[in-house]
Amino acid sequence: MSGTLTSMRYPVDDLAEALELPHRNGWSDGLPVVPPTESRVAEFLDSVGLAPDQVIGEVPERARAITAEKLAINAVMAGCLPEYMPVLVAAVEAVTDPQFKFNHLASLGSPWPLIIINGPITREIGLNSGMYIFGPGHRPNLTIARALSLVLRNCAEAKVEGVQRGKWGNPNRFVGCIAENEETPWTPLHVQRGLDRNDSAVTLVSTYPGVPQHTTMLMLGERPERMLDPVCHSLASYGGALWTRGVFTLLMGPADVEVFVKKGWSKEDVRNYVVENTKSSVAELKYRGVWGMGLDEMSEEMHQIQPGDEKTFLYLFKDNGELDRYVYTRSNLEGRLVDLFVVVAGGNAGWRPALTFPYQYSTNPVTKKIRSK
């Protein structure tokens with residue numbers, strides 16, 4: 001390791017005190033942490049060849065910089081192994097990228113990023129892309145998710161005692177790290193995002209609280225269009241009095257993929273079908289209380305269903321012209337990427353893909369290449 005560690009040292013008498021100190025000082029997320037000894041932190045820095053004072057990412061909203069030393073300390077505390085550090089460096093680069101808009105993490109809605117990892121590193125460090133993908137049981141997935149949570153808690157005030165005001169909190173802080181299964185004919189996410197298949201990469205997408213919601217596909221006749229119609233319905237009906245535009249993620253298990261591949265469908269075909277067919281009628285939007293949410297004033301009269309409302313549709317992933325002003329505020333739309341990511345992950349049990357939903361304001365997904373030492 002080149003350079004000197006500058007973080008404050010805390011002498012302790014025994015292991016019991018070492019385990020209690022983070023709780024007393026507010027460094028823990030509520031679970032026990034691994035004591036970040038100087039030698040262990042140095043080992044983590046050596047694994048990526050970074051000096052302790054190397055800045056990994058800056059958070060101007062908090063006037064903070066996250067250094068390699070601080071990242072290594074929190075990675076140790078989370079229970080990571082040194083070989084996970086390249087992933088964490090890329091994850092911090094992604095979450096502090098201006099496109100991700102860090103400040104949205106303080107929202108009342110409790111958003112938090114889902115970490116999707118691609119490339120050879122997923123096999124090298126043993127990331128899970130299959131059964132029980134949201135854990136427990138897989139150290140790389142869980143500790144990488146936790147390490148990102150801890151470093152943002154301890155270095156950027158991402159905690160209730162700091163700036164977070166979430167109503168519910170978000171379990172993705174513990175379980176929101178997955179690998180994509182690349183053993184199918186479909187194009188991996190990082191390649192779709194412009195990288196080479198032999199690259200390793202981290203993609204962060206914003207999610208609302210909770211692990212992905214399941215929807216059941218109709219397997220009768222194994223017709224791809226009919227199988228995807230429930231997905232379109234689930235996307236369009238999410239959120240009650242809410243019509244969210246942004247980047248959604250559709251997680252499909254390898255057995256699901258096999259059916260689509262047999263019918264000649266690519267990942268892009270799945271994405272395009274869902275984009276073209278995810279819609280709600282004006283009548284449905286009025287019933288849900290969405291209609292008029294984008295206007296300065298809304299009234300009960302706006303929610304009265306009129307003749308023809310059942311046959312007038314708004315499309316979630318498309319520009320609906322003048323109708324968009326009834327369901328979106330300006331901040332919903334400006335600089336906002338609108339898309340569907342299709343990711344192969346999970347086990348082969350049943351015909352139930354899963355969906356993640358984005359935070360309704362600001363933030364875009366960010367993909368960062370994982371660099372070797």
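Determine the pairs where a residue that is outside the structural domain of Leu242 (by TED's automatic domain parsing) and in contact (Cβ under 8 Å) with a residue 40 or more places away in the chain, located within segment 294-307, has a partner that is assigned to a loop (DSSP other than H, G, I, E, B) and exposed (fewer than 10 other Cβ atoms within 10 Å of the Cβ) with Cβ atoms under 8 Å apart, the partner being 6 or more residues away or on another chain.
So the pair list comes out empty.
What are the pairs, 6+ residues apart or on separate chains, where a residue within segment 201-230 that is farther than 30 Å from Thr122 by Cα has its Cβ under 8 Å from a residue that is of a type in the set (Lys, Arg)?
Within 8 Å, the pairs are Leu218/Arg226; Leu220/Arg226; Glu222/Lys262; Glu222/Lys263; Arg223/Lys263.
Which of the residues that make up segment 294-325 are surrounded by 18 or more Cβ atoms within 10 Å (Cβ to Cβ) and touching a Phe, Trp or Tyr at 6+ places or on another chain (Cβ under 7 Å)?
Gly294
Examine segment 340-349 for a residue that is surrounded by fewer than 21 Cβ atoms within 10 Å (Cβ to Cβ) and without any contact (Cβ under 8 Å) to a residue 12 or more places away in the chain, and state whether such a residue exists.
Checked segment 340-349: no residue is surrounded by fewer than 21 Cβ atoms within 10 Å (Cβ to Cβ) and without any contact (Cβ under 8 Å) to a residue 12 or more places away in the chain.
Restricted to segment 223-261, and to residues that are polar (S, T, N, Q) and touching a strand residue (DSSP E or B) at 6+ places or on another chain (Cβ under 8 Å), which residue is surrounded by the most Cβ atoms within 10 Å (Cβ to Cβ)?
Once the filter is applied, the top-ranked residue is Thr249.
Among the residues of segment 23-51, count how many are touching a helix residue (DSSP H, G or I) at 6+ places or on another chain (Cβ under 7 Å) and not in a loop (DSSP other than H, G, I, E, B).
Counting residues in segment 23-51 that are touching a helix residue (DSSP H, G or I) at 6+ places or on another chain (Cβ under 7 Å) and not in a loop (DSSP other than H, G, I, E, B) gives 7.
For segment 82-108, which residues satisfy the criterion of being buried (at least 17 other Cβ atoms within 10 Å of the Cβ) and among the aliphatic types (A, V, I, L, M)?
Residues satisfying the conditions are Met85, Val87, Leu88, Val89, Ala90, Ala91, Val92, Ala94, Val95, Leu105, Ala106.
List pairs: first residue in segment 235-252 and not assigned by TED's automatic domain parsing to the domain that holds Val343, second residue of a type in the set (Ser, Thr, Tyr) anywhere in the structure, Cβ distance under 7 angstrom, at least six positions apart or on different chains.
none
Taking strands (runs of 3 or more DSSP E) that do not extend beyond segment 298-373, which have at least 1 residues that are within 30 Å of Leu50 (Cβ to Cβ)?
Output list reads 339-344, 366-369.
Which one is surrounded by the most Cβ atoms within 10 Å (Cβ to Cβ) among residues in segment 326-339 that are modelled with pLDDT of 85 or more and either more than 30 Å from Asn118 (Cβ to Cβ) or outside the structural domain of Glu276 (by TED's automatic domain parsing) (or both)?
Val327
The values are calculated or read from the model by the stated rules, or taken from the named source; none is laboratory data. It should be emphasised that the depicted structure is a prediction, and the values quoted were computed from it without experimental measurement. Counting neighbours? That spans all protein chains shown, and the Cβs are built from the backbone with ideal geometry, glycine included.
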